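Structure first, then comments.
The values are calculated or read from the model by the stated rules, or taken from the named source; none is laboratory data. Please read all numbers here as calculations on a predicted model, not as lab measurements. Don't worry about glycine lacking a Cβ; one is built from the backbone with ideal geometry, like all the others, and counts go over all protein chains shown. Side chains are part of the model used for accessible areas, which takes the heavy atoms of the whole protein and leaves out ligands, DNA and RNA. Shrake-Rupley method; radii C 1.70, N 1.55, O 1.52, S 1.80 Å.
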Amino acid sequence: MATMRLSKPVALFILLLSAVALSGLSLTHGFVITPRTLLDRLSESSSYLTTKELWFDQTLDHHSPYDHRQFKQRYYQFLDYFQVPDGPIFLQICGESSCRGISNDYISVLAKKFGAAVVSLEHRYYGKSSPFKSHTTENLKYLSSKQALFDLAVFRQWYQESLNLKQNKPGAENSWFVFGISYSGALSAWFRLKFPHLTCGSLASSAVVLSVYNYTDYDKQVGESAGPECKAALQEITQLVDRSLESNRTELKKQFGATELEIDGDFLYFLADAAAVAFQCGNPDTLCTPLVEAKKAGEDLVAAYAKYVQEYFVRTFGVSVETYNQRYLKNISVSEYNSDRLWWFQVCTEVAYFQVAPSNDSIRSSKVDTKYHLDLCKNLFGEGIYPEVDVTNIYYGGTKIAGSKIIFTNGSQDPWRHASKQTSSPDMPSYIITCHNCGHGTDMRGCPQSSFGIGGNAENCSSPDAVNKVRQKMIEHIDLWLSQCKATGRNSM
């Protein structure tokens, strides 16, 4: 769900961090960004509990009684902490990015504590789990959250039956618990909502359960998280860039290393995401300190921002400029790491999250508007493609989700939290982790969310106690709900 365009590349990155290859950090261009440099960083053995690929024959269309086609779907399992035979099974949902293994984040701590097996299923179409050899608009028609939820349900049943066969325990039921961050956090909540008999509960970390057409709260939260001085600097940069685009377009884009972004909206989205990722991923000072210092010294703010974009957003964070280029996004070839077109399809058909500029006090350019997003959807996928946000919210309930035994967690600085459930309701507790660098998926990833910390290390959060208090609440709920499952001998509704 992508910074969810952070937006998408950014959002994606986050998902990944989550074990999600979760993602994805699923959100900049929309949701989650999974830069190759980050993927390479996570390739280190300590970053994953396992990277051994396993395969499952999945149904292509769960809604058709006539179409029996199948495709190979990648999954992983980690059994080192599993208390055979009746320990719980943690299903970690992968989001809108390539799923390269089970990340060694806070889920490893939870699995060890509860004696759980951990399994993780790659989202259909992403990574190596594409049903088709090309991603044309026609071939993408089976890419949706609804199909993905059925994938999880069918896989869960198959895995339980396979486990029973190995242990010669026909009809046995382990206690299952579902985890997800960002878009996969929403899937985690929706899985418990739609299949309550298949899981004892779910953790929905930074879960974007509310689809939003014009998501102006994203930009508003960036301004709030930035604070007065940094916000003023960012707004001045936006004004200077908008003016420079009128008089010196080529040189301006060259300054940011983004001359390939011929469409001004793509370029401005790229610049907006570069700022937003600092707050979404727990690195606010990396952005704000040099900008505030430059403004106080009367230095060139655009130059200072261009340096940040090139040195941090592109080189360190690992975002590729081309992922903002609509010509690149029209590429229908299938690649394990090319998830941007896929997420945009979900954005343009289901969830929107159009990160448009608010009418007043905006950080991003007012040229990043609804028309830009609709034109992008049409350019990438053709006529008649637009997000049916109302249908999505009717189907799942948005923030009025009528579920139970779902834990919602959000970081105080995360721009995506306004699309999540931020208030508790009966049997669905919601926690906000408040600290200076608490962003997307802090409860599972620690701080900052843009660098990998073994076991979801929270020591670098500005308030580790705030993170640990919420984690303790998570443990209490998981323990209670698993115990209730075990007492009844089944996953309880």
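For the stretch 137-144, backbone phi angles converted through the Karplus equation (6.51, -1.76, 1.60; θ = phi - 60°) give residue-by-residue couplings of 4, 4, 6, 8, 5, 9, 8, 7 Hz, Gly and Pro being listed as x. Please report the net charge: other residues with Cβ closer than 13 Å to the Cβ of Asp57, K and R +1, D and E -1. Once all neighbours under 13 Å are counted, the net charge is +3.
From its DSSP helices (H runs of at least four residues, each -39,500 (n - 2.57)), the chain gives a residue-normalised ellipticity at 222 nm of -12500 deg cm²/dmol.
What the Cβ-Cβ distance of His436 and Tyr66 gives, at R0 = 41 Å and to the nearest 0.05, is a FRET efficiency of 0.15.
Note on the stretch 94-189: Kirkwood hydrodynamic radius from all Cα pairs is 15.1 Å, rounded to one decimal.
Using a 1.4 Å probe, what is the accessible area per residue for the stretch 176-299, in Å²? Working shown, then result.
On the way: 3990 Å² over 124 residues.
Counting only protein heavy atoms, the per-residue value for the stretch 176-299 is 32 Å².
Note on Gln235 and Glu336: their simple-model spin labels are 4.6 nm apart, each label 7 Å out from Cα toward Cβ.
Let me spell out the model: positive unit charges on the Cβ of Lys and Arg, negative unit charges on the Cβ of Asp and Glu, origin at the Cα centre of the stretch 312-422. What dipole size does that give, in debye rounded to 20?
Roughly 200 debye, rounded to the nearest 20.
Between the DSSP loop rule and a limit of at most 15 other Cβ atoms within 10 Å, which trypsin sites (Lys or Arg not before Pro) in the stretch 329-425 are left?
On the way: sites: Lys330, Arg341, Arg364, Lys367, Lys371, Lys378, Lys400, Lys405, Arg417, Lys421; in loops: Lys330, Arg364, Lys367, Lys405, Lys421.
In loop regions of the stretch 329-425 (DSSP not H, G, I, E or B), the sparsely surrounded trypsin sites (Lys or Arg not before Pro) are Lys330.
In this simple spin-label model, placing a label point 7 Å from the Cα along the Cα-to-Cβ direction at both Ile475 and Lys307 gives a separation of 4.4 nm.
Take the stretch 351-456 with all the other protein chains still there, run a 1.4 Å probe, and you get 36 Å² of accessible area per residue. Considering the chain, its Cα convex hull presents a mean projected area of 21.1 nm². When the Cα gyration tensor is reduced to axis lengths a ≥ b ≥ c, the ratio a/c is 1.5 or higher for the stretch 398-493, and with a/b not above b/c it is classed as oblate.
In straight-distance terms, cross-link reach from Lys52 covers every one of the lysines whose alpha-carbon lies under 24 Å from its own, apart from those fewer than eight places away in the same chain; here that gives Lys72, Lys112, Lys113, Lys128, Lys133, Lys166. Taking each residue as 0.36 nm, the span from Lys169 to Lys486 lengthens on full extension beyond its C-alpha to C-alpha distance by 112.5 nm. Here Lys231 is the anchor, and the lysines within straight C-alpha reach of less than 28 Å, apart from those fewer than 8 places off in the same chain, are Lys8, Lys220, Lys253, Lys254, Lys295, Lys296, Lys307, Lys367, Lys371, Lys421. Annotation: the antiparallel percentage among DSSP beta bridges lying fully within the chain is about 40. Here the chain is treated with +1 on each Lys and Arg Cβ and -1 on each Asp and Glu Cβ, and its dipole about the Cα centre works out to around 1040 debye. When a 1.4 Å probe is rolled over the protein heavy atoms, the share of accessible surface on the chain that falls to carbon and sulfur comes to 50 percent.
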